[in-house]
C-alpha cells in the first residue's frame, strides 16, 4: 500500500482522479504498491496527467474534494511522489518523466 505521510491529501487527489479518469490500475497500485519499472512509469505518467486535469478542473470551476482549485497542492504531490518513487528505487523514472523524457 502506498502511504503519503506528510501530505495525506495527495492520496485523496490521486484516488479521485484515478476514478474520474477511469484508471483502475492506479487505484490498484495505491492499494498494492508499485512493484516494477513499468508500474512506476505508468504511475508517474498518470500523476502528470492528473496535474493537467486539475488545471482544467480549476479553469472550469469543477469542485474536487470540496475545492474548485487544487493546483496549490502540486508541490505536495511532487514531494510525496518523488519521495515514494525514490524509496522504491524508481527516482530516475520520476525525474525523466518530470523532465519530459519518455521511453
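Only one of the listed residues (43, 4) is under 15 Å from residue 98 (Cβ atoms) and either under 14 Å from the mean Cα position of the chain (by Cα) or at pLDDT 95 or above (or both). That residue is 43. Residues that are surrounded by 12 or more Cβ atoms within 10 Å (Cβ to Cβ) and in contact (Cβ under 8 Å) with a residue 60 or more places away in the chain occur at least once in the range 38-48. Determine whether residue 81 is touching a residue at least 60 places away in the same chain (Cβ under 8 Å) and surrounded by 18 or more Cβ atoms within 10 Å (Cβ to Cβ). Against the criterion (touching a residue at least 60 places away in the same chain (Cβ under 8 Å) and surrounded by 18 or more Cβ atoms within 10 Å (Cβ to Cβ)), residue 81 qualifies. Residues in the range 63-73 that are surrounded by 16 or more Cβ atoms within 10 Å (Cβ to Cβ) and assigned to a helix (DSSP H, G or I): 73 only.
Checking each residue in the range 84-98 for being closer than 17 Å to residue 6 by Cβ and surrounded by 16 or more Cβ atoms within 10 Å (Cβ to Cβ) picks out 84, 85, 88, 94.
Of the residues making up the range 11-27, just one is out of contact with any helix residue (DSSP H, G or I) (no Cβ under 8 Å at 6 or more places or on another chain) and exposed (fewer than 13 other Cβ atoms within 10 Å of the Cβ), namely 22.
The values are calculated or read from the model by the stated rules, or taken from the named source; none is laboratory data. Here the structure is a predicted model, which is why all the values come from computation and not from measurement. Don't worry about glycine lacking a Cβ; one is built from the backbone with ideal geometry, like all the others, and counts go over all protein chains shown.
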